2 protein chains.
Amino acid sequence: MPTHAIQDAYPPEFAHCYGCGARNPHGHHLKSYLVGDETVARFTSDLRYSGGVPDHVYGGMIASLLDCHGAASAAAYAYQKEGRQVGDGSQPIRFVTASLKVDFKQPTPLGVELVIKGRLRSLEGRKAWVDLVLTAGELTCAVGEMLAIRLQDHAHSCPELTVPASSE
Amino acid sequence: MPTHAIQDAYPPEFAHCYGCGARNPHGHHLKSYLVGDETVARFTSDLRYSGGVPDHVYGGMIASLLDCHGAASAAAYAYQKEGRQVGDGSQPIRFVTASLKVDFKQPTPLGVELVIKGRLRSLEGRKAWVDLVLTAGELTCAVGEMLAIRLQDHAHSCPELTVPASSE
């Protein structure tokens, strides 16, 4: 497992996401890692994040985990394609979500560790398609697919002008 | 505007959702209403729910709002189709999300009132398709489409056996 999470390499001005931003003191601080050709994050929901039925995770949390992990995955695969290491100190890479589809396969148990994995489907220009899966033990609870868009480099100092569609 | 929110008619054992459950003391308590042939909810995010870029709402919140509102909308349209009123005191109707797709059209401003609306695309048997849109003033920030599944009536006392796919 790499020592640095993908989110830790986000530029400070893009690191405020409630789901995964290191600079959001209130948030979930999801940490995603590139391991070989897949990305991995682990998260245990606090019991307050119940779904309608107690003891299950609410849908917004599941979508949030897939969203943050997917956007991080897209960045990691862009680093990889360029032969770079995540957080190599050079120009950071940041993607935002344009579209996210979540299929809820099973009720997701609350209070146990969830594992979220990503795999790159394609990366063309600024567009990355990432396939996602969320499991609890042997149980596949949700699967997702994401289209993420790479922020242009100059967006890091002027995001308002260049974020085409953003969830983060 | 009806006086009773759709979520207020959820059976108590299905009313714990962090996004919209009346029985979750920590949650967002989203309230959705059926008004004519569309459903409407209003929500202002606390500033902590920032996206990566400050002053925008994070993607997980947007997905959560669409998810909760969509499932509530499905229930409302099922009541309507049966010629019933939401919360009429008879057997309650409850849907859960099977699939949710969110397209993020614009960064969503934080700290202003968001309006989430739903429209029924189709309702066949236990399956409801709902189209969703989230706006901030004149700005269309996100659109969504949901497939929701109606819980079988006896699920209200034994949810584990009959929830086919659930986000709530």
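The separation of the range B:81-153 from the range A:57-87, counted between C-alpha centres, amounts to 27 Å.
Only residues of the range B:88-109 count here: report those whose backbone N is under 13 Å from the spot 7 Å along Cα→Cβ of B:Lys127, or say none. B:98-99, by backbone N distance to the label point.
Once the convex hull of the alpha carbons of chain B is built, what does its volume come to per residue, in cubic angstrom?
112 Å³
Each Lys or Arg adds one and each Asp or Glu takes one away; over the other residues whose Cβ falls under 15 Å from the Cβ of B:Gly137, this sums to 0. Charge tally for B:Tyr33 (other residues, Cβ to Cβ under 12 Å; Lys, Arg +1; Asp, Glu -1): +1. Buried surface for the B/A pair, taken as the accessible area of each chain alone minus that of the pair with a 1.4 Å probe, is close to 3300 Å² in total. Rg over Rh for the protein assembly as shown works out to 0.97, both radii taken from alpha-carbon positions and Rh defined as the Kirkwood radius.
Sorted from nearest, the other copies put their B:Arg121 label points 1.6 nm away, the label point being 7 Å from Cα in the direction of Cβ. Position A:Pro109: other-copy label points at 4.5 nm, ordered by increasing distance, label point 7 Å along Cα→C-beta. Shown for A:Leu47: label points 7 Å from Cα along the beta-carbon vector, and their distances to the equivalent points in the other copies, 3.2 nm in ascending order.
Relative contact order of the range B:6-150, taken over Cα pairs closer than 8 Å and 6 or more residues apart, is 24 percent.
The lysine pair count for the protein assembly as shown, using Cα distances under 18 Å and pairs eight or more places apart or on different chains, is 17. Across all directions, the shadow cast by the convex hull of the range A:35-121 built on its C-alpha atoms averages 6.7 square nanometres.
Using a 1.4 Å probe, what is the accessible area per residue for the protein assembly as shown, in Å²?
Working: 13210 Å² over 336 residues.
Value for the protein assembly as shown: 39 Å² per residue.
The values are calculated or read from the model by the stated rules, or taken from the named source; none is laboratory data. The structure presented is a predicted model; accordingly, all values stated were derived computationally and were not measured. Positions of Cβ are generated from backbone atoms using ideal geometry, with glycine treated the same way; all protein chains shown enter the neighbour counts. Please note that ligands, DNA and RNA were not included when accessible areas were found on the heavy atoms of the full protein model with its side chains. Shrake-Rupley method; radii C 1.70, N 1.55, O 1.52, S 1.80 Å.
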